[in-house]
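The values are calculated or read from the model by the stated rules, or taken from the named source; none is laboratory data. Just so it is clear, the structure is predicted and the values come from calculations on it, not from any experiment. Neighbour counts are summed over all protein chains in view; Cβ atoms, including those assigned to glycine, are modelled from backbone coordinates with ideal geometry.
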Amino acid sequence: MRATDEGGADLVQLLTPEGERVRHPDFDIDITPEELRGLYRDMVLVRRVDREANALQRKGQLGLWVPLLGQEAAQIGAGRALKPQDQVFPSYREHGVAWCRDIPPVDLLSIFRGTDNCAWDPIKHKFHPYTIVIGNQVLNATGYAMGQRFDGKVGDPDGEATICFFGDGATSQGDVHEGFVWAAVYDAPVVFYCQNNQWAISEPTERQSRLPLYHRARGYGFPGIRVDGNDVLACLAVSRWALEECRNGNGPVLIEAFTYRMDAHTTSDDPSRYRLSEELEVWKLKDPIERVKVHLVKQQWADQDFFDSVEAESEQVAIELRDKCVNLPDPSAESIFGNVYAEGNPVLEAQRDEFLAYHAGFAGGEH
């Protein structure tokens with residue numbers, strides 16, 4: 001059973017926890033100093049956004065927050081592999097991928113503050129709304145990818161691809177199985193990107209699967225790859241390859257990004273009740289940001305001024321995020337009835353009118 005929670009010989013890795021660059025016979029990339037500095041900056045800023053959002057929830061400014069601490073490399077690597085025409089279907093933890101799609105972090109916070117269901121334009125950003133129902137986005141992504149194939153938008157490097165994010169716990173859901181089946185039957189250009197952070201809330205992966213999760217792809221007839229989810233270079237390389245396979249009409253592909261959730265499942269969770277502190281300490285040594293920093297220093301690709309500037313930028317991002325969050329406008333009473341149906345609905349409109357009339361009765365302050 002330990003095969004489900006160890007990296008294994010098949011783990012694709014390009015940057016070790018000690019910051020050493022290693023080569024891989026099948027998945028390798030050339031990275032410039034500027035590109036690696038950019039990936040480092042992405043991860044630092046995304047982590048700072050995450051930590052600030054976590055603090056805002058503890059102060060009562062958010063109803064809930066879903067931390068990504070420790071999963072920055074898995075998300076930034078995949079996010080930076082995307083091309084503008086690609087579609088993204090997230091779960092509820094893909095704050096780093098949203099960053100790569102130029103979605104302002106405050107738009108994510110509006111969901112957890114309860115001021116908006118989706119503050120960004122999914123069509124413009126090609127990043128669909130967060131999905132709270134576990135695994136449901138896999139069906140949505142598969143259907144969209146089937147449409148891409150039906151519309152003839154695959155078959156060359158300029159084609160389209162879809163990527164769908166979910167956690168290890170979602171692999172136990174029927175929606176994920178059904179998505180795999182339909183994607184395989186229709187050769188849908190979809191990358192199934194499983195961030196295996198090893199804990200489905202309080203359930204470890206070995207309680208869900210006898211085999212490593214990437215092996216599941218074999219049963220559906222498409223490739224499955226396990227990548228070091230704390231290695232941003234490996235995640236970038238494997239994601240690029242998988243997306244290219246899909247754009248060229250060779251999809252689907254399953255990627256298991258083997259990583260670790262350094263914080264709670266959400267701010268309503270207490271991980272100390274079900275996992276050992278020693279386990280957390282081991283994974284701190286595999287920190288995705290620190291290994292890039294060490295490599296940049298060893299290669300003399302960055303100096304202290306660069307690291308200081310990124311740190312200063314991250315603090316400014318946090319200040320602006322905090323200010324924007326607490327000043328998010330309250331939604332109107334009517335907004336709850338918006339975007340329910342594509343066209344007007346008499347029943348819904350009658351409910352809206354009744355609710356607004358009731359709500360107006362409190363305008364004078366009497367309750």
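Against the list (1) crowded, with 16+ Cβ neighbours inside 10 Å; (2) in contact (Cβ under 8 Å) with a residue 60 or more places away in the chain, the condition ARG58 fails is (1).
Taking the stretch 320-367 as the range and being outside any loop (DSSP other than H, G, I, E, B), surrounded by 11 or more Cβ atoms within 10 Å (Cβ to Cβ) and under 30 Å from the mean Cα position of the chain (by Cα) as the test, the residues that pass are GLU320, LEU321, ARG322, LYS324, CYS325, VAL326, SER335, ILE336, PHE337.
Scanning the stretch 112-134 for residues that are touching a Phe, Trp or Tyr at 6+ places or on another chain (Cβ under 6 Å) and of a type in the set (A, V, I, L, M) gives a single hit, ILE132.
Tallying residues that are of a type in the set (Phe, Trp, Tyr), closer than 15 Å to HIS265 by Cβ and surrounded by fewer than 21 Cβ atoms within 10 Å (Cβ to Cβ) within the stretch 184-227 yields 0.
Checked against the criterion of being buried (at least 24 other Cβ atoms within 10 Å of the Cβ), among the charged types (D, E, K, R) and in contact (Cβ under 8 Å) with a residue 40 or more places away in the chain, the stretch 230-242 contains one or more residues that satisfy it.
Looking across LEU82, LEU108, one residue alone is assigned by TED's automatic domain parsing to the domain that holds LEU321 and surrounded by fewer than 22 Cβ atoms within 10 Å (Cβ to Cβ). It is LEU82. Can you find a residue in the stretch 14-34 that is over 15 Å from the mean Cα position of the chain (by Cα), surrounded by fewer than 14 Cβ atoms within 10 Å (Cβ to Cβ) and in a helix (DSSP H, G or I)? Yes. Scanning the stretch 303-342 for residues that are touching a residue at least 12 places away in the same chain (Cβ under 8 Å) and under 15 Å from VAL44 (Cβ atoms) yields PHE306, PHE307, VAL310, GLU311, GLU313, SER314, GLU315, VAL317, ALA318, LEU321. Among the numbered conditions (1) more than 24 Å from ARG247 (Cβ to Cβ); (2) free of Cβ contacts under 8 Å to residues at least 40 places away in the same chain; (3) more than 15 Å from the chain's Cα centre (by Cα), the only one that ASP151 does not meet is (1). The lone criterion from (1) among the small types (Gly, Ala, Ser); (2) in a helix (DSSP H, G or I); (3) within 25 Å of TRP301 (Cβ to Cβ) left unmet by ALA81 is number (2). Against the numbered list (1) modelled with pLDDT under 95; (2) out of contact with any strand residue (DSSP E or B) (no Cβ under 8 Å at 6 or more places or on another chain), GLU313 comes up short only at (1). Are any residues in the stretch 210-224 out of contact with any Ser or Thr (no Cβ under 8 Å at 6 or more places or on another chain) and either closer than 16 Å to VAL191 by Cβ or not assigned by TED's automatic domain parsing to the domain that holds ASN197 (or both), and if so, which ones? Within the stretch 210-224, TYR214, ALA217, TYR220, GLY221, PHE222, PRO223, GLY224 qualify. Of the residues making up the stretch 269-291, just one is surrounded by fewer than 20 Cβ atoms within 10 Å (Cβ to Cβ) and closer than 25 Å to CYS164 by Cβ, namely ASP269. Can GLY114 be described as assigned by TED's automatic domain parsing to the domain that holds VAL66, out of contact with any strand residue (DSSP E or B) (no Cβ under 7 Å at 6 or more places or on another chain) and under 17 Å from CYS246 (Cβ atoms)? No: the conditions fail for GLY114. Of the residues making up the stretch 228-261, just one is β-branched (Val, Ile, Thr) and in contact with a Leu (Cβ under 7 Å, 6 or more places away or on another chain), namely VAL232. The set of residues in the stretch 159-184 that are touching a Cys at 6+ places or on another chain (Cβ under 9 Å) and polar (S, T, N, Q) comprises THR162, THR171. Please tell me if GLU245 is in the same structural domain as CYS164 (by TED's automatic domain parsing) and acidic (Asp, Glu). Here the answer is yes, as GLU245 does meet what is asked. Within the stretch 114-166, the set of residues being surrounded by fewer than 21 Cβ atoms within 10 Å (Cβ to Cβ), in a helix (DSSP H, G or I) and of a type in the set (Ser, Thr, Tyr) comprises just one member, TYR144.
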